[in-house]
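Some notes on the structure that comes next.
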Amino acid sequence: MPLSPKTTSRTKACLIGHPVAHSRSPIIHRHWLKTLGIDGSYELVDLPPDGLNGFLDQLRQGVYAGCNVTIPLKESMFDRVDRTDDTAKAVGAVNTVWIEGGKIIGGNSDVHGFMANLDESVPRWQEATRQVVILGAGGAARACTYGLVERGMRVALVNRTKARADELAMRFGAAVTAHSDDETDALLGKADLLVNTTSLGMQGKEPLRLDISRLRPAAIVYDIVYVPLRTRLLDEAAARGHPTVTGLGMLLHQAVAGFEKWFGARPAVTPDLRSLIEADIIAKTPSS
Ligand code: ATR
């Protein structure tokens, strides 16, 4: 039976994962539904890994037009959709799902979110950027690396567990090199762009201990952590005169693709939306 996302008058989308309670995605999508005058909904569905089959059945029955996918389901969803787009294939994970021609399709909009946020924050960044240093080699690093390599960058991955960085370097070829923590200082001296993709510095996690005094003055510093809104890394970098990029824009821009697929209108990342999410983060994390 051909599937259609429009089997009910009120189009529904959701976020699946575990946990999902603290996600800001409902605020983002509900803001867009309201401002665009669309009669749709966006829900949180807390789903244990063994609940994926049941959820896929619901998708096939047209209960949802699609969903976002978060931890720990991004890789298992990649294996379960009918088809993946090129970006999801390259990253090996799916964070956005929609129905097309009766099939369940998986994409990865983290790559677009990461790059669009950089383009918006430092519009001419590419003019003087060749060498990037990425801290971390997890799922987020994989999306960031792919986006940067696509734009012609060389990427040095630094990770506590070097084997994970080696694996990513193998996946992406000659433009990507893998390094252990003890090489960080030397690498920072050559970086045009430094990106933190680890969870260090996030509210409730250990701080990121990094001496950025070796960075060249024009080097850009990008932290994908967005709780707190400005991490200590970004404050230190800004105090030293570096252009900085905060993580919230990545969350906002990654949401655009799913909304457009499910609800049929391309939403904008506006200052109003940004203020709404910032207010929510500040209200729930008093020290941010
Ligand atoms: P994500 O999908 O958000 O990238 P992840 O795959 O769990 O999450 O990756 C988290 C990253 O933060 C990894 O690079 C991890 O390093 P390891 O591969 O060595 O685990 C890094 N990270 C987390 N806690 C860390 C810590 N205390 N010190 C150094 N790196 C840490």
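The values are calculated or read from the model by the stated rules, or taken from the named source; none is laboratory data. Not measured: the values here are computed from a predicted model. Here the Cβ positions follow ideal geometry from the backbone for every residue, glycine too, while neighbour counts run over all protein chains shown. Protein only, heavy atoms only, side chains kept; ligands, DNA and RNA dropped before computing areas. Shrake-Rupley method; radii C 1.70, N 1.55, O 1.52, S 1.80 Å.
So for the range 72-88 (the condition being among the basic types (Lys, Arg) and assigned to a strand (DSSP E or B)), does at least one residue qualify? The answer is yes, given that some residue of the range 72-88 is among the basic types (Lys, Arg) and assigned to a strand (DSSP E or B). When the range 36-54 is limited to residues that are in a helix (DSSP H, G or I), open to solvent by 60 Å² or more (accessible area, probe 1.4 Å) and touching a residue at least 24 places away in the same chain (Cβ under 8 Å), the one that is nearest to residue 76 (Cα to Cα) turns out to be 49. Against the criterion of being surrounded by fewer than 21 Cβ atoms within 10 Å (Cβ to Cβ), among the hydrophobic types (A, V, I, L, M, F, W, C) and within 16 Å of the ligand (Cβ to nearest atom), residue 90 qualifies. The set of residues from the range 134-154 being more than 14 Å from the ligand (Cβ to nearest atom) and among the β-branched types (Val, Ile, Thr) comprises just one member, 149.
Check whether at least one residue in the range 100-114 is within 19 Å of residue 252 (Cβ to Cβ), within 15 Å of the ligand (Cβ to nearest atom) and of a type in the set (Ser, Thr, Tyr), and report yes or no. Among the residues of the range 100-114, at least one is within 19 Å of residue 252 (Cβ to Cβ), within 15 Å of the ligand (Cβ to nearest atom) and of a type in the set (Ser, Thr, Tyr), which makes the answer yes. The lone criterion from (1) more than 10 Å from the ligand (Cβ to nearest atom); (2) over 30 Å from residue 55 (Cα atoms); (3) in contact (Cβ under 8 Å) with a residue 12 or more places away in the chain left unmet by residue 124 is number (3). Considered as a group, the residues in the range 58-87 that are farther than 21 Å from residue 18 by Cβ and among the hydroxyl-bearing types (Ser, Thr, Tyr) include one that is farthest from the ligand (Cβ to nearest atom), and that residue is 84.
Of the residues making up the range 157-175, those that are within 14 Å of the ligand (Cβ to nearest atom) and of a type outside the set (D, E, K, R) number 8. For the range 238-246, does any single residue satisfy the condition of being closer than 21 Å to residue 108 by Cβ and either open to solvent by less than 30 Å² (accessible area, probe 1.4 Å) or of a type in the set (Lys, Arg) (or both)? Within the range 238-246, one or more residues are closer than 21 Å to residue 108 by Cβ and either open to solvent by less than 30 Å² (accessible area, probe 1.4 Å) or of a type in the set (Lys, Arg) (or both).
In this entry, residue 209 is excluded by the filter for residues that are within 22 Å of the chain's Cα centre (by Cα), within 16 Å of the ligand (Cβ to nearest atom), in the same structural domain as residue 132 (by TED's automatic domain parsing) and basic (Lys, Arg).
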